[in-house]
Amino acid sequence: MKEFSAVGKRIPKTDAPDKVTGRATYGQDFKLPGMLHGAIRYSDHAHARILNIDTSKAEALEGVKCVVTADDVPETRFGFYKDNMPLKKDVVRSHRDEIAGVVAVNEMIARQAVKLIKIEYEILPAVFNVADAMAENAPLIQPNRDSNHLITNTYNHGDVEQGEAESDVVVEVTCKLPYVNHASMETCVIVAKFDHSQNLTLWSTTQIPFLLQKDLGAALGMSPKNIRILQPTIGGAFGRELDIYPYHPIAAIMAKKAQVPVRLCFSREEEFRAGPQRQPVEVTIRAGAKNNGDLTFRDVSMTLDVGAYVSWGSTTPMVMMETTASFYRVPHVRFKADCVYTNNLITGAMRGYGNPQSSFYVESAMDMLAEKLGMDPIQFRIQNANQPNTITEQGLKITSCGLEDCLKALAERAETKLEPAAQPHLKRGRGVGGTLNVGGGARIYRSDGCGATVKVDDFGHVSLITGSTEIGQGSETVLAQMVAEILSVPVDDVRVINSDTDVKMWDVGVHASRTTFIAGNAACLAAKEALGQIFETASELLGASPDSLKAENGQIIAPDGKSVSLSKVVRSRHFRSGGQMVFGQAFYDPPTELVDKDSYHGNISPAYGFGMQMADVEVDTETGQVRVLKLICAKDIGRAINPMAVEGQIEGGAQMGLGYALSEEVVIKEGKVMNPNFVDYRLFTSADMPEIENIMIESNDPEGPFGAKGIGEMGSSCVAAAVTNAIYDAVGVRLTQPPMTPERVLAALDTKAAG
Amino acid sequence: MRDYLLIYVNGRRYQVSGAQGFQSLSDFLRYDLGLVGTKVVCAEGDCGSCTVLVGRIGLPNSEGDSKLNYQSINSCIQYLYQLDCAHIITVEALKNKEQIHPIQQAMVDAMGSQCGYCTPGFVMSLAAMQEKEEVMTRKSVQDGLTGNLCRCTGYEQIIDAALNLDAKPVPSVTENFDEKTILSDFAVYLTQAVFCEFEENWNGVARKLKYFVPVSLAEAVSFQQKNDNVTVVAGGTDISVQINKERIEPDCIMSLVHLSELKSIFVDEQFVTVGARVSWSELGKFCQKNLPQLAEIIAIFASPQIKNCGTLAGNIANASPIADSLPFLYVIEAEVELTSPDGVRWLEINQFYQGYKKLAMNPDELITSIRWQMQDPDDLLKLYKVSKRKDLDISTFTAGIYIKMNNNKIQISRLAYGGVGPVVLRLPETEQFLYNKALTLETFLQAGKIAREEIQPISDVRSSADYRLQLAENILMKFYYECCKHQVKKA
Ligand SMILES: Cc1cc2nc3c(=O)[nH]c(=O)nc-3n(C[C@H](O)[C@H](O)[C@H](O)COP(=O)(O)OP(=O)(O)OC[C@H]3O[C@@H](n4cnc5c(N)ncnc54)[C@H](O)[C@@H]3O)c2cc1C
Ligand code: FES
Ligand code: FES
């Protein structure tokens, strides 16, 4: 295999020096001349009719510039089901509903003023769980619908009844998965500014600049062509910004009325109350296997609480469907998901997008089956593992597939048995859990593409202008590595430009672990085109044919050893009569399809990634506290473009997954968040983290750039599954409701002791 | 008396007075000075993104020279009136001559920064560890960083950065500054109390505010007597959170930061006496040698940044029923020293609380120290803190168990539970039951059943009443497994 110069290297992130010295400028750090500050007034009730809004006191407060309400905007609707509006006029449907906004000289005054807005309500009956929302005569949340039932996603292959009849063992478990929050360190922030010609510029932490441009146009009743979106350095997102939420248009409405730039910045509490959450799911899985260990069937039904408005997050059942239908080989599968409106929190996309949920119930059932069969859980999984170059019943074209290698790596580690704990009330156990993730984007939109331009300037400096977005995951570095590899220049010579919709080409957004794969392929194609131009000119200079040339260390070298520098080639091409610049362009849209809208069959990703984790835990049977001692992560990543970045994704995912497993839950009571802060919403700290071992399986994907597949989400997806299986191994109780807090563990132990 | 605060930031001198002194350090840095490298993520001490170093004059060495001792703090919950005569160092000034600082370079090299929003905070926490010349082991780094949250990295690469660092000598951050000038400036100003009074006029309403930073206990006590509604600030780790969250709006602040009389721990034959200004970090260090059980709790108490500021006295006066110090103080039967213009009195902690956040303390009294009797090393003492996470987590339930044996029988037992009622509770019936019993499994099984009957906890967002009841019972079993089994074997 060819030795690479940049790809596969442990290269520090290109933006790191600015971040460690405090120089990187985030949305919360910069000011525009004349900029004012906004704050939003939310609803006081989960469901109510607005009778009157009195803004006079707020307007009169010293330092307030203006107040905005629904009267300041044309009546527009936006969102995945066009059920949301920027500011609510007649009815509020959840505690986070935006009613008005204040613009003031500083944030403190804006927040004070918001409290002075007097709103009269007529309280309406509200529903806070799926069952109540589905009941006959339930209060209707969205007026244009017949019921609160939004949609049912169903999927089938084979014949589940036949599968069950063929089974020697059958298990069933019901799991309840919680609301969790992205908890990015930077909260949502947006700055909006109108120019004299009413063009809108937004500085936003969005993950979907181009879709936001379009959706915002709809929400504001203006043409997207008059909207420009700039992305400052983003302090984490994890799916939070994968959609338009009311605060985006509200910022613009404020800026328009105030006629100066306005910044809207969420407090941590607001982030918990008004931001989207991962949706809670209640799911029952029935699954079977034969005595020889072959899986026979899976039958899954679930309900999802989407809140009062629908976001892209409502498409997560399609991801859960994928795991249910295609993770391990199962001949008969039935899946049904009901999405239901309630007066609860708005839910949205979050890292893993349905995978943490589906991994939890599928892998719980897998362990239950293995136990009934008396089989080793890892061997049982190996026997049923997906294989390379197969097509699943759902139509997923699995090309590269390292699942079996991941499992074998864990089996090898499992040969070292766990040491028992020193004291009788501490019990240790080990469990595994896995996940199937899309490895190269997911076509959930009409295009899953990304555009790229690579230009080389007269000084040999390379710019990659990419449609993709950096949210901290390291895409700038990894893309620069790929371009540097192709052009054979140092990584430092490549600058990535990715933050302006007026400059960069279209991209669907940063999600579905797609950037390395999709933006990477686009960047590689563009770089290759640029290289072709370089070779064309160099061949004239060196008197050798273009295909005999090679690039090395910023030099173009002919077979006879003669060479010319890259910058000289560019200048020679540029400064001549009829001169040309070096620039390559590409738009890469993967060879995939939207799923069939009724059967949900179809190949949505050009590659699939697989991951398995093994957790060793210690359970204190007196307090219920669970400590994770060790986490081994075996991941099929195609190829590591930058192994250090891959480790960062897996370990960061582990932190999020461990929180999901053990400590994180947004607690709500009648639609209101009870723990909107880091005191009561517990993220794992450094001291809580177990030792992590990374095993990277390089399955070299045929379609991926340099063989790479996506890895951004996989790290967080299967931790909770591994932990629950490990707890079972330790103390013989099966926990079905993350987070598996000390309280829940102890209650389960008590129930078991009571018989 | 001065009417301004003297604060150095990154080697530059600032005189701050009036309303400007009545703001958090993070606001001062970000808005007044434009030092936006310091991030604010939670504004309540939980995340550490706002971590900076604060240097204060330490005790003189044998040659009589003082130097600035640097520690990490959360700038979001330190108000400027707590920072008189302090030198603040932010991430912008952390360099090695004109080069990037080795800590920053290590973070770059190990990819310790992804989105980077938490990064300045981690860099400053590591700098604080370096200043204290802590040896970097995986464990010490994990513990040293408990006050910093990161959502991106899973901490591993940050830990790697710290471990790589240990191999190289790292220059002290102070080398970038003219410390002599700062020290001599402070030496002069530290002899003068600060008093600032100002009027805030906003929206047609005038509010009078003042803050006072006394340099002697006498000044402090007399100020408290002459003024109504004085809000005393020790480390500010409770009070400033309440201000940030708009739960309180104090208009008269007294900061105890300069009361050197209250900064010592005395040990004599009879008592350990801890001054009201002793920080948790200092107390932790002391306990490591002298009181390992309390050291264990302090190790998992909050975070280094909080412990560098917060005090035992503040923990007691804040009167939370889940305050981590209380079960210990209850079972050790500690006494609180209260000082007023009329003099000093000692009050046993078991008499100190009269109800939820109701103290047996007069408005003109200050807590000046806390003392307890030295224990026999053979006595059994164990303290518990149950929470979802290991560190920096508010407890769901706390417990202190103390047992003195005589002839293999329990002679004295004291049990105190927190988080099971409006105040920390002693369990007289269980204690009675344990009298004269042997340390057997059966004893503790039965004791657990009685303990359960003695409390009536409530449900809240952290846990249900049932769980707390169960813990009340189980914690005695845990105590048995951890302490007694092995004790019985030894005997
Ligand atoms: C992130 C975070 C984590 C925390 N973790 C824990 C934890 O794990 N366990 C725990 O128990 N607590 C915890 N706390 C709470 C807090 O840190 C402790 O209660 C601390 O001991 C308070 O001390 P302080 O000096 O900062 O008090 P301050 O905030 O200065 O004061 C607290 C109260 O005491 C009064 N007071 C202070 N000193 C005196 C005095 N000398 N005389 C009279 N009144 C006085 C003040 O007026 C105020 O009412 C945490 C706080 C934060 C922000
Ligand atoms: S901002 Fe979170 S600790 Fe200060
Ligand atoms: S690097 Fe993003 S929060 Fe730490």
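Of all residues in the range B:10-58 being acidic (Asp, Glu) and surrounded by fewer than 24 Cβ atoms within 10 Å (Cβ to Cβ), which is nearest to the other protein chains (Cβ to nearest Cβ)?
Only one residue tops the list, namely B:Glu44.
Given (1) modelled with pLDDT of 95 or more; (2) at the interface with another protein chain (Cβ under 8 Å from one of its Cβ atoms), where does B:Ser72 come up short, assuming only one miss?
(2)
Which strands (runs of 3 or more DSSP E) sit wholly inside the range A:1-105 and have at least 1 residues that are within 12 Å of chain B (Cβ to nearest Cβ) and in contact (Cβ under 8 Å) with a residue 12 or more places away in the chain?
Fully inside the range A:1-105 and qualifying: A:36-42, A:64-69, A:98-104.
Anything in the range B:63-101 that is part of a helix (DSSP H, G or I) and either within 16 Å of ligand 1 (Cβ to nearest atom) or touching a Pro at 6+ places or on another chain (Cβ under 8 Å) (or both)? List them, or say none.
Scanning the range B:63-101 gives B:Ser75, B:Cys76, B:Ile77, B:Leu80, B:Tyr81, B:Gln82, B:Val91.
Step by step: first the residues of the range B:268-285, then only those that are more than 21 Å from B:Arg56 (Cβ to Cβ) and at pLDDT 95 or above, then the one that is surrounded by the fewest Cβ atoms within 10 Å (Cβ to Cβ). Which residue is that?
Selected residue: B:Phe271.
Please tell me if A:Met696 is of a type in the set (A, V, I, L, M, F, W, C), surrounded by fewer than 24 Cβ atoms within 10 Å (Cβ to Cβ) and assigned to a strand (DSSP E or B).
Yes; evaluated as a whole, the condition is true for this residue.
Pick from the range B:288-310 the residues that are β-branched (Val, Ile, Thr) and within 8 Å of ligand 1 (Cβ to nearest atom): which of them is modelled with the lowest pLDDT?
Only one residue fits best here, namely B:Ile300.
Please determine, by comparing only the residues of the range A:181-195 that are away from every other protein chain (no Cβ under 12 Å) and among the aliphatic types (A, V, I, L, M), which one is nearest to ligand 3 (Cβ to nearest atom).
Looking at residues that are away from every other protein chain (no Cβ under 12 Å) and among the aliphatic types (A, V, I, L, M), I get A:Ile190.
When residues of the range B:91-113 are filtered for being surrounded by 24 or more Cβ atoms within 10 Å (Cβ to Cβ) and away from ligand 3 (no atom under 16 Å from the Cβ), how many remain?
Residues in the range B:91-113 being surrounded by 24 or more Cβ atoms within 10 Å (Cβ to Cβ) and away from ligand 3 (no atom under 16 Å from the Cβ): 2 in total.
With respect to the numbered conditions (1) outside the structural domain of A:Met689 (by TED's automatic domain parsing); (2) assigned to a strand (DSSP E or B); (3) polar (S, T, N, Q), which one is the sole condition not fulfilled by A:Gln613?
(1)
Identify the single condition in (1) touching a residue at least 40 places away in the same chain (Cβ under 8 Å); (2) farther than 25 Å from B:Ile298 by Cβ that B:Ser459 does not satisfy, given that it satisfies every other one.
Result: B:Ser459 passes all but (1).
Only residues that are facing chain A (nearest Cβ under 9 Å) and of a type in the set (Asp, Glu): list them for the range B:96-143, please.
B:Asp109, B:Asp143
Any idea which of (1) touching a Ser or Thr at 6+ places or on another chain (Cβ under 9 Å); (2) over 18 Å from A:Ser301 (Cβ atoms) is the one A:Ser358 doesn't satisfy?
The one condition A:Ser358 does not meet is (2).
In this structure, does B:Ile306 turn out to be away from ligand 2 (no atom under 16 Å from the Cβ) and touching a Ser or Thr at 6+ places or on another chain (Cβ under 9 Å)?
Spelling it out, it is not the case that B:Ile306 is away from ligand 2 (no atom under 16 Å from the Cβ) and touching a Ser or Thr at 6+ places or on another chain (Cβ under 9 Å).
Could you check how many residues of the range B:103-125 are more than 16 Å from ligand 2 (Cβ to nearest atom) and out of contact with any Cys (no Cβ under 7 Å at 6 or more places or on another chain)?
Residues flagged as more than 16 Å from ligand 2 (Cβ to nearest atom) and out of contact with any Cys (no Cβ under 7 Å at 6 or more places or on another chain) within the range B:103-125 amount to 11.
Go through the residues of the range A:138-150 one by one and say whether even a single one is farther than 30 Å from A:Gly395 by Cα, surrounded by fewer than 16 Cβ atoms within 10 Å (Cβ to Cβ) and touching a strand residue (DSSP E or B) at 6+ places or on another chain (Cβ under 6 Å).
No, the range A:138-150 contains no residue that is farther than 30 Å from A:Gly395 by Cα, surrounded by fewer than 16 Cβ atoms within 10 Å (Cβ to Cβ) and touching a strand residue (DSSP E or B) at 6+ places or on another chain (Cβ under 6 Å).
Answer yes or no: is there a residue in the range A:512-533 that is buried (at least 22 other Cβ atoms within 10 Å of the Cβ) and within 14 Å of chain B (Cβ to nearest Cβ).
yes
Return the residue satisfying two criteria in turn: it lies in the range B:148-169 and is touching a helix residue (DSSP H, G or I) at 6+ places or on another chain (Cβ under 8 Å) and more than 8 Å from chain A (Cβ to nearest Cβ), and of such residues it is surrounded by the fewest Cβ atoms within 10 Å (Cβ to Cβ).
If we take residues in the range B:148-169 being touching a helix residue (DSSP H, G or I) at 6+ places or on another chain (Cβ under 8 Å) and more than 8 Å from chain A (Cβ to nearest Cβ), then B:Lys168 is surrounded by the fewest Cβ atoms within 10 Å (Cβ to Cβ).
Can you find a residue in the range A:726-736 that is outside any strand (DSSP E or B), at the interface with another protein chain (Cβ under 10 Å from one of its Cβ atoms) and open to solvent by less than 20 Å² (accessible area, probe 1.4 Å)?
So far as the range A:726-736 goes, no, none of its residues is outside any strand (DSSP E or B), at the interface with another protein chain (Cβ under 10 Å from one of its Cβ atoms) and open to solvent by less than 20 Å² (accessible area, probe 1.4 Å).
Residues checked against (1) within 16 Å of ligand 2 (Cβ to nearest atom); (2) within 14 Å of chain A (Cβ to nearest Cβ):
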position: B:Gln224; (1), (2): no, no
position: B:Gly236; (1), (2): yes, no
position: B:Asn244; (1), (2): yes, yes
position: B:Pro250; (1), (2): no, no
position: B:Leu259; (1), (2): no, no
position: B:Ser264; (1), (2): no, no
position: B:Asp268; (1), (2): no, no
position: B:Ala276; (1), (2): no, no
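For the range B:33-55, what are the residues that are within 14 Å of ligand 1 (Cβ to nearest atom) and among the charged types (D, E, K, R)?
Passing the criteria: B:Glu44, B:Asp46.
Within the group A:Pro705, A:Pro643, A:Pro690, which residue is open to solvent by 10 Å² or more (accessible area, probe 1.4 Å), more than 20 Å from the chain's Cα centre (by Cα) and more than 8 Å from every other protein chain (Cβ to nearest Cβ)?
Sole residue among the options that is open to solvent by 10 Å² or more (accessible area, probe 1.4 Å), more than 20 Å from the chain's Cα centre (by Cα) and more than 8 Å from every other protein chain (Cβ to nearest Cβ): A:Pro643.
State whether one or more residues within the range B:243-257 are open to solvent by less than 40 Å² (accessible area, probe 1.4 Å), of a type in the set (S, T, N, Q) and more than 15 Å from the chain's Cα centre (by Cα).
yes
For B:Gly116, are the conditions met, namely being without any contact (Cβ under 8 Å) to a residue 24 or more places away in the chain, within 16 Å of ligand 3 (Cβ to nearest atom) and in the same structural domain as B:Ile158 (by TED's automatic domain parsing)?
yes
If you take the residues of the range B:119-144 that are within 16 Å of ligand 3 (Cβ to nearest atom), open to solvent by less than 20 Å² (accessible area, probe 1.4 Å) and without any contact (Cβ under 8 Å) to a residue 40 or more places away in the chain, which of them is nearest to B:Cys47 (Cα to Cα)?
For the range B:119-144, the residue satisfying everything is B:Thr119.
Of everything in the range B:221-263, what is in contact with an Asp or Glu (Cβ under 6 Å, 6 or more places away or on another chain) and part of a loop (DSSP other than H, G, I, E, B)? Give them in sequence order.
none
Which of the following residues is more than 22 Å from A:Ala654 (Cβ to Cβ) and away from ligand 2 (no atom under 16 Å from the Cβ): B:Val173, B:Val141?
Exactly one of B:Val173, B:Val141 is more than 22 Å from A:Ala654 (Cβ to Cβ) and away from ligand 2 (no atom under 16 Å from the Cβ), namely B:Val173.
Would you mind stating whether A:Leu295 is touching a residue at least 60 places away in the same chain (Cβ under 8 Å), open to solvent by 10 Å² or more (accessible area, probe 1.4 Å) and away from ligand 2 (no atom under 16 Å from the Cβ)?
yes
The values are calculated or read from the model by the stated rules, or taken from the named source; none is laboratory data. Not measured: the values here are computed from a predicted model. Please note: Cβ atoms are built from the backbone with ideal geometry, for glycine as well, and neighbour counts cover all protein chains shown. Ligands, DNA and RNA are excluded from the accessible area calculation, which covers all protein heavy atoms including side chains. Shrake-Rupley method; radii C 1.70, N 1.55, O 1.52, S 1.80 Å.
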